[in-house]
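The values are calculated or read from the model by the stated rules, or taken from the named source; none is laboratory data. What you see is a predicted model; the values in this text were computed from it and never measured. Note that we place each Cβ from the backbone using ideal geometry, even for glycine, and neighbour counts take in every protein chain shown. Quick note on the areas: whole protein, heavy atoms, side chains included, nothing else; ligands and nucleic acids left out. Shrake-Rupley method; radii C 1.70, N 1.55, O 1.52, S 1.80 Å.
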Amino acid sequence: MKIIDAKVIVCSPGRNFVTLKVMTDEGVYGVGDATLNGRELSVVSYLEDHIIPVLIGKDPQRIEDIWQFLYRGAYWRRGPVGMTALAAVDIALWDIKAKIANLPLYQLLGGRSRDRIMTYTHADGVCIESTLDAVGKAIDAGYQAVRVQSGIPGLASTYGVAKDGRKYEPADADLPSESVWSTHKYLNFMPKLFDAVRSQYGDDIHLLHDVHHRLTPIEAARLGKELEPYHLFWMEDAVVAENQESFRLIREHTTTPLAVGEVFNSIHDCRSLIQEQYIDYIRSTLVHAGGITQMRRLADFASLYHVKTGFHGATDLSPVCMGAAMHFDYWVPNFGIQEHMPYTREMESVFSFDYKFERGFFTPGESAGHGVDIDESLAKKYPYKRAMLPVNRLEDGTLWNW
Ligand code: KDG
Ligand code: MG
């Protein structure tokens, strides 16, 4: 069997997605997600200019060898652009292999370890009252886990909070929009928010919160400590993790569980975090972290240190990534939780998928492969629109982490 062609499909059914389709001489094809929010066209170029030419003629069944070829053979290895491109190839090749075997992908990974996949959704509001309403709606929809983000008094906008009744979508402008951040205002407000949520909804519901890289380690330690009475499922991305050691300080001060890793692309980005048991959940997912081939290694490594998976699943993770993630989540023994943000109808018309959602839980489909495909002619109706992620400044104008 040989790869005879591969093409990159860029479309924007409500938001931008990059999809790779790998074709074989036997008519079987595989589909991979190559979306890197706000940097989509760099991955397109990486695939078209540097990867597709070397794929032609290769045996698609040699997934490991192709992975090694594209990783070790790149010389300039790692990095979000290259690893997203590699992930797209990897996901497409696993799709092909499962289709050839006529098995759903999770069966190739070792079969299922659970009956259903717990997911968390987002609840946000501009103030405590509207956030409480959003949490109530999520609970009514059957979710057992909810991420809570709220507008902060004195700040015009906050990460994760929708404005004007629209759904939250961070890549909101042609050029980066700017928001203003105050750690002081945020830290004073957060315990009040979680106190209100627990008072209204009790102790059963799992609560999560995304700090989105805004704090320093000692500030994160304070937040973790002050949120302890509210028993969070996790506090996410408390600090930027370029310096993995930062998490030691947070860990020493709080029992609030810690999650990190949606921006990681290599197992080396989280080696100390895992080995030193500084974290509880690893957030990296297939599309940005080298596909199933690397994530399988990462999850096995994490399992040695009691670290569970908590795959990133915002709307910029296309249905192709989500479909493959469902199979991974069904199999992975050290599964923690899966993030889920519902797609718009336009997105769901361009991509077909057979994974099912029911009252806070997913199950993957039983069709051969990962079960997700793209309608190329419909995709053409939604051309790419440049959209970038925002930047953040402190109140005095200093550029800060978004
Ligand atoms: O592209 C950036 C988003 O995926 C990110 O901001 C979402 O942090 C996020 C999350 O936890 O879903
Ligand atoms: Mg996040």
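For GLN149, are the conditions met, namely being open to solvent by 60 Å² or more (accessible area, probe 1.4 Å) and either polar (S, T, N, Q) or within 16 Å of ligand 2 (Cβ to nearest atom) (or both)? Let's see the steps before the verdict.
Numbers: open to solvent by 60 Å² or more (accessible area, probe 1.4 Å): no; either polar (S, T, N, Q) or within 16 Å of ligand 2 (Cβ to nearest atom) (or both): yes.
It is false that GLN149 is open to solvent by 60 Å² or more (accessible area, probe 1.4 Å) and either polar (S, T, N, Q) or within 16 Å of ligand 2 (Cβ to nearest atom) (or both).
Exactly one condition in (1) part of a strand (DSSP E or B); (2) farther than 30 Å from ARG345 by Cβ is false for ALA238; which is it?
(1)
Condition check: under 18 Å from ILE337 (Cβ atoms) and either in a strand (DSSP E or B) or more than 13 Å from ligand 1 (Cβ to nearest atom) (or both). Does ALA123 satisfy that?
On the way: under 18 Å from ILE337 (Cβ atoms): yes; either in a strand (DSSP E or B) or more than 13 Å from ligand 1 (Cβ to nearest atom) (or both): yes.
So ALA123 fits the description; yes.
Which of the strands (runs of 3 or more DSSP E) found entirely inside segment 347-386 contain at least 1 residues meeting this: over 28 Å from ALA173 (Cα atoms) and open to solvent by 60 Å² or more (accessible area, probe 1.4 Å)? Outline the logic, then answer.
Values: elements: 351-353, 356-358, 361-363, 372-374.
Here the list reads 351-353, 356-358.
Which condition number in (1) part of a loop (DSSP other than H, G, I, E, B); (2) over 22 Å from HIS231 (Cβ atoms); (3) more than 21 Å from the chain's Cα centre (by Cα) is the one that ILE66 fails?
Failing condition for ILE66: (1).
Which one is modelled with the highest pLDDT among residues in segment 231-273 that are under 14 Å from THR216 (Cα atoms), among the small types (Gly, Ala, Ser) and within 15 Å of ligand 2 (Cβ to nearest atom)?
ALA238
Condition first: more than 22 Å from LEU36 (Cβ to Cβ) and part of a loop (DSSP other than H, G, I, E, B). Now tell me which residues in segment 387-402 satisfy that.
Matches in segment 387-402: GLU395, ASP396, GLY397, THR398.
What is the residue count in segment 230-274 for residues that are open to solvent by 70 Å² or more (accessible area, probe 1.4 Å) and of a type in the set (Gly, Ala, Ser)?
So the count comes out to 0.
Looking at TYR343, TYR330, TYR278, TYR305, can you tell me which residue is out of contact with any His (no Cβ under 9 Å at 6 or more places or on another chain), in a loop (DSSP other than H, G, I, E, B), crowded, with 23+ Cβ neighbours inside 10 Å and aromatic (Phe, Trp, Tyr)? Break it down into steps so the answer makes sense when it comes.
On the way: TYR343 fails: crowded, with 23+ Cβ neighbours inside 10 Å; TYR330 fails: in a loop (DSSP other than H, G, I, E, B); TYR305 fails: crowded, with 23+ Cβ neighbours inside 10 Å.
The unique qualifying residue is TYR278.
Cβ-Cβ below 6 Å, separation at least six or inter-chain, first residue in segment 114-133 and modelled with pLDDT under 95, second within 16 Å of ligand 2 (Cβ to nearest atom) and open to solvent by less than 40 Å² (accessible area, probe 1.4 Å): which pairs?
Going by the 6 Å Cβ cut-off, there are no qualifying pairs.
Of all the residues that make up segment 320-340, how many are without any contact (Cβ under 8 Å) to a residue 60 or more places away in the chain and more than 15 Å from ligand 1 (Cβ to nearest atom)?
Residues in segment 320-340 being without any contact (Cβ under 8 Å) to a residue 60 or more places away in the chain and more than 15 Å from ligand 1 (Cβ to nearest atom): 2 in total.
Among (1) under 24 Å from LYS99 (Cβ atoms); (2) aromatic (Phe, Trp, Tyr); (3) open to solvent by 40 Å² or more (accessible area, probe 1.4 Å), where does TRP67 come up short?
That leaves (3) as the condition not met.
Which residue pairs have Cβ atoms under 9 Å apart, sit 6 or more places apart or on different chains, and have a first residue in segment 197-221 that is within 16 Å of ligand 2 (Cβ to nearest atom) and a second that is aromatic (Phe, Trp, Tyr) and part of a helix (DSSP H, G or I)?
Short answer, once both residue conditions are applied: LEU207/PHE194; LEU207/TYR201; LEU207/TYR230; HIS209/PHE194; VAL211/TYR186; ARG214/TYR186; LEU215/TYR186; ALA220/PHE247.
Out of curiosity, is LEU317 open to solvent by less than 20 Å² (accessible area, probe 1.4 Å), of a type outside the set (Phe, Trp, Tyr) and either in contact with a Leu (Cβ under 6 Å, 6 or more places away or on another chain) or within 16 Å of ligand 1 (Cβ to nearest atom) (or both)?
So LEU317 fits the description; yes.
Tell me whether segment 370-377 contains one or more residues that are out of contact with any Leu (no Cβ under 6 Å at 6 or more places or on another chain), more than 16 Å from ligand 1 (Cβ to nearest atom) and among the small types (Gly, Ala, Ser).
Within segment 370-377 (the criterion being out of contact with any Leu (no Cβ under 6 Å at 6 or more places or on another chain), more than 16 Å from ligand 1 (Cβ to nearest atom) and among the small types (Gly, Ala, Ser)), the answer is yes, since at least one residue qualifies.
Does segment 70-93 hold any residues that are open to solvent by 20 Å² or more (accessible area, probe 1.4 Å) and in a helix (DSSP H, G or I), and which are they?
LEU70, TYR71, ARG72, GLY73, ALA74, PRO80, VAL81
Counting only residues that are more than 14 Å from ligand 2 (Cβ to nearest atom), closer than 20 Å to LEU208 by Cα and touching a helix residue (DSSP H, G or I) at 6+ places or on another chain (Cβ under 9 Å), how many does segment 275-292 have?
2
When you scan segment 193-211, do you find a residue that is within 16 Å of ligand 1 (Cβ to nearest atom), open to solvent by 10 Å² or more (accessible area, probe 1.4 Å) and under 22 Å from GLY142 (Cβ atoms), even just one?
Looking for residues that are within 16 Å of ligand 1 (Cβ to nearest atom), open to solvent by 10 Å² or more (accessible area, probe 1.4 Å) and under 22 Å from GLY142 (Cβ atoms), one finds at least one in segment 193-211, hence yes.
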